[in-house]
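Accompanying notes for the structure given below.
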Amino acid sequence: MPPAVPALWRAFSEEQYPEWVQPLGAHDAYGKGDTVTHNGKKWASDVDGNTWDPGVYGWTEVQGEAKEG
């Protein structure tokens, strides 16, 4: 089991559009094609190493209503 070092871990969710969480750095940045829910909308990351808020840069809104929680 790896030690409790944040750089060795990445959040995992079985949800197709989990709630977006601000990455702490490169070790947990979103990859190209990752999908999230943010501010009631669904988003897909356009770039690898994405640490920006969806709607600011590096994301494309996915059409369709996002489901809450």
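Among the residues in region 7-28, are any modelled with pLDDT of 90 or more, under 14 Å from Gly55 (Cβ atoms), among the aromatic types (Phe, Trp, Tyr) and in a strand (DSSP E or B)? Within region 7-28, none of the residues are modelled with pLDDT of 90 or more, under 14 Å from Gly55 (Cβ atoms), among the aromatic types (Phe, Trp, Tyr) and in a strand (DSSP E or B).
Out of everything in region 47-65 that is over 16 Å from Gln22 (Cα atoms) and touching a strand residue (DSSP E or B) at 6+ places or on another chain (Cβ under 7 Å), what residue ends up being modelled with the lowest pLDDT?
Of the residues in region 47-65, the ones over 16 Å from Gln22 (Cα atoms) are 60-65.
From what's left, touching a strand residue (DSSP E or B) at 6+ places or on another chain (Cβ under 7 Å): 60-62, 64.
Values: Thr60: 98, Glu61: 97, Val62: 96, Gly64: 69.
Restricting to residues being over 16 Å from Gln22 (Cα atoms) and touching a strand residue (DSSP E or B) at 6+ places or on another chain (Cβ under 7 Å), the top hit is Gly64.
The values are calculated or read from the model by the stated rules, or taken from the named source; none is laboratory data. Just so it is clear, the model here is predicted, and its values are computed rather than measured. Don't worry about glycine lacking a Cβ; one is built from the backbone with ideal geometry, like all the others, and counts go over all protein chains shown.
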